[in-house]
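Accompanying notes for the structure given below.
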Amino acid sequence: MHSPPALTAIPVRVSAALALALMAATAVRAAPATAPETVAVQLRDAAMAGHDIAYSWVSELTTRFGPRPAGSPNEQQAAAWAADKLKALGFENVRVETFPITAWVRGTESGQLVAPATQPLAVAALGESPPTPPGGLEGDVVIFPTLADLQAAPPGSLAGRIAMIAQRTVRAQNGAGYSAAVPARTDGPGVAAQRGAIGFLLRSVGTDSHRLAHTGTTRYVEGRVPLPAFALSAPDADQVERIAALGQTVRVRLFSGASYVRDAHSQNVIAEVRGRERPQEVVLLGAHLDSWDQGTGAIDDGAGTAIIAAAAKLIRDLPHRPRRTVRVVLFGSEEIAQPVPPGGAFGGHAYADGHRAELAGHVLAGESDLGSDRVYSLALPAAVGHGEFATTLLRVLTPIGVLGAERPPEDAGTDIGPSVEAGVPAFELSQDAMRYFDIHHTADDTLDKIDRAQLDQNVAAWAALVWLAADSEVDFRH
């Protein structure tokens, strides 16, 4: 394994605003009970002033390592870099915890319309899907508007043909359109195989109209993904649908050289700001370090790792530490499925399984995995959703455009999901996802898509919330 070439270090600048905020925090550390809110305001303002930690982090991560597919050398080298970086930033108990996975490697791929006329197609093999035969596969396309329509097709009705689901992804601020469309990607290939199909096509699960295909994982069925599966760019999906609407047969040829690495491994990177009074009580911050292979994983999820690292660094640099421990976890292998249970979220499950004895002491958890655009909403556990903690926090966050949600989080994130299922309360700082799924899982996921001001607003919201939670005695469970 070769180390990446050395790059000139990207400087981490501490703004005058941050210096003033830290000085002010020193002055209030012996102040009365309102001091935690005062410090939260100072952390918020320091982050909004542009302390540059988050952007420096994601810039260096994506520049040094580019795409970081789960189990790849790039992901492993990025994890080692992140651990060294966190140590250099002053975090404690930094470690890398590895776990075995089956890794998927894309290889070369292509698609072509062969009838009624020839035309290249912009396709991307879905993660985990097997290769085609060496000469590719060819078949007539049968279009289904939704996954439910495919499920309604009789067994054997697609013998020798290629199934295509044409469902569009609805643009929504909260990303609900993705949640509605993604089951076609995860479950569609297995359903198509049960009906005799030889291949599977999917209108990309994305909101753009660019000629870029959105990849993403599909699901193993009884230890295998049963047939080659591809995402099709939105313009090409439109073209296929128009041809079919003319009453003509659509025939395509597909090729994938994908392969598997059965003895690969991934890892979680963990670092802490140890609590000064109750270090066994943990506020968990999560994001995933792996990415898809077509872009450089800037918004998914390099930005999330940068946000939580920068927020925790601001707290670490205060003159006094919070009462509770702040733990940063950079999860591995979020973007994959696996042939063995539990099937997905292997970094999240590896963490929950490896820290099972500690989870009772995890007082709160949150995950950043929806890009880098502004936080607009805050959802807290039901135990504190309408109490003093929420009132205080919203006093701090409303001035930067964050409003309270009416309900507790319904899905706080894939990586912290196994810990939440084990009983850890979760919060959610919802990001504006209006443009996120234009870029998500495409070759366009690159550093230039990050808006630095919105990235800083994320750090501000996280730093303020985490500080107030970690420096409190609030019971988020009951």
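The values are calculated or read from the model by the stated rules, or taken from the named source; none is laboratory data. Everything numeric here is computed off the predicted structure, so don't read it as measured data. Because the Cβ atoms are built from the backbone with ideal geometry, glycine has one as well, and the counts that use them run over all protein chains shown.
Restricting S430, S419 to residues that are surrounded by 21 or more Cβ atoms within 10 Å (Cβ to Cβ) and in contact (Cβ under 8 Å) with a residue 24 or more places away in the chain narrows the list to S419. With respect to (1) touching a strand residue (DSSP E or B) at 6+ places or on another chain (Cβ under 6 Å); (2) closer than 12 Å to E128 by Cα, the lone exception for R224 is condition (1).
Look through P319, P341 and report the one residue that is in the same structural domain as V466 (by TED's automatic domain parsing) and without any contact (Cβ under 8 Å) to a residue 40 or more places away in the chain.
P341
Between R168, R95, the distinction of being outside the structural domain of P341 (by TED's automatic domain parsing), within 29 Å of S372 (Cβ to Cβ) and touching a helix residue (DSSP H, G or I) at 6+ places or on another chain (Cβ under 9 Å) belongs to R168 only. Among the residues examined, V240 does not qualify as under 24 Å from the mean Cα position of the chain (by Cα) and of a type in the set (V, I, T). Do we find that D238 is of a type outside the set (A, V, I, L, M), in the same structural domain as F144 (by TED's automatic domain parsing), at pLDDT 95 or above and out of contact with any helix residue (DSSP H, G or I) (no Cβ under 6 Å at 6 or more places or on another chain) in this structure? Answer is yes for this residue. With respect to being touching a residue at least 40 places away in the same chain (Cβ under 8 Å) and assigned to a loop (DSSP other than H, G, I, E, B), A264 falls outside the description.
For every residue, the table says whether it meets (1) under 25 Å from the mean Cα position of the chain (by Cα); (2) surrounded by 24 or more Cβ atoms within 10 Å (Cβ to Cβ); (3) more than 21 Å from A258 (Cβ to Cβ); (4) free of Cβ contacts under 8 Å to residues at least 12 places away in the same chain.
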{"site": "A117", "(1), (2), (3), (4)": "no, no, yes, yes"}
{"site": "L121", "(1), (2), (3), (4)": "no, no, no, no"}
{"site": "V141", "(1), (2), (3), (4)": "no, no, no, no"}
{"site": "F144", "(1), (2), (3), (4)": "no, no, yes, no"}
{"site": "A152", "(1), (2), (3), (4)": "no, no, yes, yes"}
{"site": "G156", "(1), (2), (3), (4)": "no, no, yes, no"}
{"site": "D187", "(1), (2), (3), (4)": "yes, no, no, no"}
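Residues of region 125-134 that are touching a residue at least 24 places away in the same chain (Cβ under 8 Å) and surrounded by fewer than 21 Cβ atoms within 10 Å (Cβ to Cβ): P130, P131. Note on region 433-468: among residues that are in a helix (DSSP H, G or I) and of a type in the set (K, R), the one that is surrounded by the most Cβ atoms within 10 Å (Cβ to Cβ) is K449. Of all residues in region 137-163, those that are within 30 Å of D290 (Cβ to Cβ) and out of contact with any Gly (no Cβ under 9 Å at 6 or more places or on another chain) total 1.
The sole residue among E358, E334 that is on the phi < 0 side of the Ramachandran plot, at pLDDT 95 or above and under 13 Å from the mean Cα position of the chain (by Cα) is E334. Taken over region 358-390, the criterion of being among the small types (G, A, S) and buried (at least 23 other Cβ atoms within 10 Å of the Cβ) is satisfied by A365, G366, S368, G371, S372.
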